[in-house]
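Each remark here refers to the structure printed beneath this line.
The values are calculated or read from the model by the stated rules, or taken from the named source; none is laboratory data. Since we're looking at a predicted model, the values are computed, not measured. Glycine gets a Cβ as well: all are built from the backbone with ideal geometry, and neighbour counts include every protein chain shown. The area values use the complete protein model at the heavy-atom level, side chains included, leaving out ligands, DNA and RNA. Shrake-Rupley method; radii C 1.70, N 1.55, O 1.52, S 1.80 Å.
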Protein chains: 2
Amino acid sequence: MRLGFIGFGEAASAIAAGLAEEGLRELYAYDVVSGQALAERAACCGVRLVASLAELAAQADLVLSLVTARGALTVAREIAPHLRVGTLYADLNSCAPRVKAEIGQVIARLAPGACYASVAVMSAVPPLRHRVPLVADGPGARRLREALEPYGMNIEVLEGPLGAAAILKMCRSVVLKGLEALFLEALLAAEQEGLTEQVLTSLNASFPKTSLGDLGVYLLDRHRLHAQRRADEMQEAAETLASLAIDPLVSAGAAQRLRWSAERLTGLAAPSRAEAEVGGEDPQNGAYRVLLHQLSDA
Amino acid sequence: MRLGFIGFGEAASAIAAGLAEEGLRELYAYDVVSGQALAERAACCGVRLVASLAELAAQADLVLSLVTARGALTVAREIAPHLRVGTLYADLNSCAPRVKAEIGQVIARLAPGACYASVAVMSAVPPLRHRVPLVADGPGARRLREALEPYGMNIEVLEGPLGAAAILKMCRSVVLKGLEALFLEALLAAEQEGLTEQVLTSLNASFPKTSLGDLGVYLLDRHRLHAQRRADEMQEAAETLASLAIDPLVSAGAAQRLRWSAERLTGLAAPSRAEAEVGGEDPQNGAYRVLLHQLSDA
């Protein structure tokens, strides 16, 4: 297999280095940037630099696009007419789901003999290199996994519409990056009042050694009972931040979301037994799923 | 010691039941509501109901106010003129810090012989009853701890301005209730696309068995390096939610907060060694503290 990278920045070179160690020898790369630094990075992991996208397409059986979210569609359009029959084109950029789908349409139209995989990179690449968790969808997803798993890559295939992996990544980002923003906002206030350590200690004591997804289920399983009170308290917390001269950017949004939910839940019937079983065999485990369905339908 | 409750709802009766089991015999309560249910709840834990705030003040050495955030200031104003010299008045309602401080001023003005403790209840009362973690500040905070710890109550005393405990609770609420709102928003989208389990599994895999405060420190320790990228990705995630017909109430606020930070961090000098040690002996542990200071000053 001959593997080609479009873009040879930090992520691509980390993956290439890992694959080279696993014994993958025929590695190619094209980057719009040229120069000494790029040449050295490529030489380090035995990657041959090529001068154009057309040349990359001529060399590679499998192309990984690792440019930027903004550049992803453009490079796909540029390389597509050059892709040979049987080439697998995988987009690993952090694009919106609709852009992932659009790239798939571009490949299908301009390179009908090639095959497309839409890939979401689920973690920072450098520490994990080629072993970084990837989720792939699209017609080429299984072929991508079959081609790269023997070299230690970690690829989960998602059934679903083109771009499903990108939606998965976005939902994950909402929680993780949102949590970062929340901590930033809360601790700006806490630090100003000399209370940072107490806030952290209190959160550690309430939720020790909890996996983050499980914590979400815990919170949503109990949400229905407490939605109105929590909406009020979040509103109060947002006002308190404002009184401490911290603009409640996330907090006010969270108060709105909780109020939205509390209003919809008011007067909604408790879920029927059938509804309560949406989440699986055990109705207890499914309370948060029932909640999500009811809120979507309300 | 004779203990009086203002308000005898779910929280007060749970605490009273626990204290009665610990051997505290002289318990009194006043509630604006009257009737069979209240009488039975009081009888259950040997609490004597009194007919007025004045009567409660006449009986009790220690008064715990457990009404509502909205009613807290009003009952304090009403009972204050009746409080005897030496009485300890503790407000346990979820009021804003400035209301907590205002209650302190009311007590100081109208009941100069009494003593005030401003108390934040850090967890839901019913499952933990009298052992629920409390944080107290104000002139009566230590006396409150000394009076109630022998009966198994769990009271941390905070130094700081009147209302500091309430600020601590609010900062904690921003993270916890904000996280609930984030999960709600992210999983409304995920469930609609059939991806809920994948999102939860991915979050569990990335942050298994992590205490919540430690997770916050982890995210903020790395924030400086990634602020701009995370702000862009959060913006993209918010737009993706909107494209899925989920109003990005929290996500858009989080994107704003991350952008606010990224803009302030751009061009800021890396922290000096002295600044990097703000957080303690180990500069590594203090990176998030330095970040908070720099953002506050910028």
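Working from the pairwise distances between different alpha carbons, so that the mean of 1/r is found and then inverted, what is region A:1-127's Kirkwood radius in Å? Walk me through the numbers on the way to the answer.
Values: mean 1/r = 0.0694 Å⁻¹.
With all distinct Cα pairs of region A:1-127 included, I get 14.4 Å.
Can you give the percent of C-alpha pairs in the protein assembly as shown whose distance is more than 33 Å?
Numbers: 93240 of 177310 pairs.
For the protein assembly as shown, the fraction of Cα-Cα distances above 33 Å is 53 percent.
A:Glu156's amide H: which non-local residues (gap 5+, or another chain) put their own amide H closer than 5 Å, with H modeled 1.01 Å from N in plane and none for Pro or chain starts?
A:Leu134, A:Val135, A:Ala136
When only DSSP loop residues count, what trypsin sites (Lys or Arg not before Pro) in region B:76-178 have their Cβ near at most 15 other Cβ atoms within 10 Å?
On the way: sites: B:Arg77, B:Arg84, B:Arg98, B:Lys100, B:Arg109, B:Arg129, B:Arg131, B:Arg142, B:Arg143, B:Arg145, B:Lys169, B:Arg172, B:Lys177; in loops: B:Arg84.
Those that pass, being in a loop and sparsely packed, are B:Arg84.
With the radius of gyration and the Kirkwood radius both derived from the Cα set of chain B, what is their ratio Rg to Rh? Spell out each step's value before the answer.
Details: Rg = 23.7 Å, Rh = 22.1 Å.
My calculation puts Rg/Rh at 1.07.
In whole angstrom, how far apart do the alpha carbon centroids of region B:79-131 and region A:215-234 sit?
26 Å
Mind giving me the nanometre distance, one decimal, between the label points for A:Glu149 and B:Leu110, set 7 Å out from Cα along Cα→Cβ?
Between A:Glu149 and B:Leu110, the label points sit 7.2 nm apart.
Under the Karplus relation 6.51 cos²θ - 1.76 cosθ + 1.60, θ = phi - 60°, what is the ordered set of whole-Hz ³J(HN,Hα) values for region B:152-169, x standing for Gly and Pro?
For region B:152-169, the Karplus curve yields x, 6, 10, 10, 9, 9, 9, 6, x, x, 4, x, 4, 4, 5, 5, 3, 5 Hz.
What are the ³J(HN,Hα) couplings of region A:82-97, residue after residue, when phi is run through the Karplus curve with 6.51, -1.76, 1.60 and θ = phi - 60°? Round to Hz, x for glycine and proline.
9, 5, 7, 4, x, 5, 9, 10, 10, 9, 9, 6, 7, 8, 5, x
Among B:Thr87, B:Leu128, B:Val67, whose Cα projects farthest towards the positive end of the dipole of region B:1-150, with charges put on the beta-carbon of Lys, Arg (+1) and Asp, Glu (-1)?
It is B:Thr87.
Mind listing the Cα extents of region B:24-95 along all three principal axes, in Å, largest one first?
28, 26, 20
Quick one: Karplus J couplings for region A:20-36, per residue in order, coefficients 6.51, -1.76, 1.60, θ = phi - 60°, nearest Hz, x for Gly and Pro?
Running phi through 6.51 cos²θ - 1.76 cosθ + 1.60 with θ = phi - 60° gives 4, 5, 7, x, 7, 9, 8, 10, 10, 8, 10, 9, 5, 6, 10, x, 4 Hz.
Let me know the charge dipole size of region A:11-167 about its Cα centre in debye, to the nearest 20, where only the beta-carbon of Lys, Arg (+1) and Asp, Glu (-1) is charged. Walk me through the numbers before you get to the answer.
Numbers: 14 positive and 15 negative charges, 46 e Å.
Using only the charged Cβ atoms, the result is roughly 220 debye.
Could you check how much of the accessible area of the protein assembly as shown is carbon and sulfur, as a whole percent, using a 1.4 Å probe?
Working: 12500 of 24360 Å².
Ligands and nucleic acids excluded, carbon and sulfur give 51 percent.
Using Cα-only point scatterers and the Debye equation, what is log10 of I(q)/I(0) for region A:139-265 at each q in 0.19, 0.20 Å⁻¹, rounded to two decimals?
Ignoring solvent entirely, the Cα scatterers give -1.18, -1.26.
Near the amide H of A:Val63, under 5 Å away, which other amide H atoms are found, from residues 5 or more places off or on another chain, if H is placed in the peptide plane?
Hits under the 5 Å cutoff: A:Gly4, A:Leu88, A:Tyr89, A:Ala90.
Hey, for A:Gly86 with labels 7 Å out along Cα-Cβ, what do the inter-copy distances come to in nm, ordered shortest first?
9.7
Taking 0.36 nm per residue of separation and subtracting the Cα-Cα distance, what length does fully extending B:Ala69 through B:Ser52 add? Before the final figure, lay out each step's value.
Working: separation 17, 0.36 × 17 = 6.12 nm, distance 2.01 nm.
Extending this stretch completely gives an extra 4.1 nm.
Taking each label point as 7 Å beyond Cα in the direction of the beta carbon, state the distances from B:Gly71 to the same residue in the other copies, shortest first, in nm.
Inter-copy label distances (nm, one decimal, shortest first): 6.4.
Looking at the square roots a ≥ b ≥ c of the eigenvalues of the Cα gyration tensor of region A:1-64, which shape do they give, rounded for a/c under 1.5, prolate if a/b is larger than b/c, or oblate? It would help to have the intermediate numbers written out before the result.
On the way: a/c = 1.73, a/b = 1.03, b/c = 1.68.
In terms of gyration-tensor shape, oblate.
Please find, among residues of chain A, the one with the beta carbon closest to the rotation axis relating it to chain B, distance in whole Å.
A:Gly253, 1
Can you list the copy-to-copy distances for B:Pro150, using a point 7 angstrom from Cα toward Cβ, in nanometres, shortest first?
Shortest to longest, the spacings are 7.8 nm.
For chain B, what does -39500 (n - 2.57) per DSSP helix run (n ≥ 4), summed and divided by total residues, give at 222 nm, in deg cm²/dmol to the nearest 500? Let's see the in-between values first.
Numbers: 14 runs with 169 residues, N = 298.
Mean residue ellipticity, 222 nm, calculated: -17500 deg cm²/dmol.
Using a simple spin-label model with points 7 Å from Cα along the Cα→Cβ vector, what separation in nm is obtained for A:Ser206 and B:Arg264?
Taking the simple label geometry, A:Ser206 and B:Arg264 are separated by 2.4 nm.
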